[in-house]
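Peer 1: Dumping the structure here so I can ask a few things about it.
The values are calculated or read from the model by the stated rules, or taken from the named source; none is laboratory data. Computed from a predicted model, the values in this text were never measured in an experiment. A quick note on method: Cβ atoms are made from the backbone with ideal geometry, for glycine too, and the neighbour counts reach across all protein chains shown.
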Amino acid sequence: MENYTRLNSRPVVEDPKEPWDIYVGNGSKVKAVISKALKILEESGEKVVLIGFGPTLNKTITCVEIIKRKKQDLHQNNKLFYKKMEDTWVPNQEGLDRLTVTRNVPAIKIVLSKTPLDENEPG
C-alpha cells in the first residue's frame, strides 16, 4: 500500500442517531463526553448510550467507568460487535486505480440507564 494514500474512512451503513447517543471519537475529550452524558441523564433522559469503535474502545470504557463513579445506581448493558468501514485509497502514481476496501472494525455500545434493563439480554 506504499503506492496509495488513504483519502477517507467511513461507515458502510450510517446508524440513526438518537438524542441520548454519544459517539466517542479519536478527537473526543473524556471530560466533554462525561459532562454531556451526565447532562443527558440529569435533564432529559432515562438512559445514555456511549458508542465507540476502532481505536476509541478504551476511551469509551474509561468514560463509562467515570460516569458510573460520579452517578450512582446506574444499570449497564454492553454490546460488542463489528462495524463495517469503507476506506477509499487514492494512488500516488499515475496508472493505478482508486481502491475501495471494506473492513470490519471492533465496536462497543454501552447503555447506562436509571431504570433496570432487560435481564434476558446478554451483557
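Peer 1: Go through the range 69-89 and report how many residues are in a strand (DSSP E or B), surrounded by 14 or more Cβ atoms within 10 Å (Cβ to Cβ) and basic (K, R).
Peer 2: Going through the range 69-89 one residue at a time, the tally reaches 2.
Peer 1: Something else now. For the range 8-51, give me the residue count where each residue is β-branched (V, I, T), outside any loop (DSSP other than H, G, I, E, B) and at pLDDT below 90.
Peer 2: Selection size over the range 8-51: 0.
Peer 1: Condition check: surrounded by 14 or more Cβ atoms within 10 Å (Cβ to Cβ) and over 15 Å from the mean Cα position of the chain (by Cα). Does G45 satisfy that?
Peer 2: Yes.
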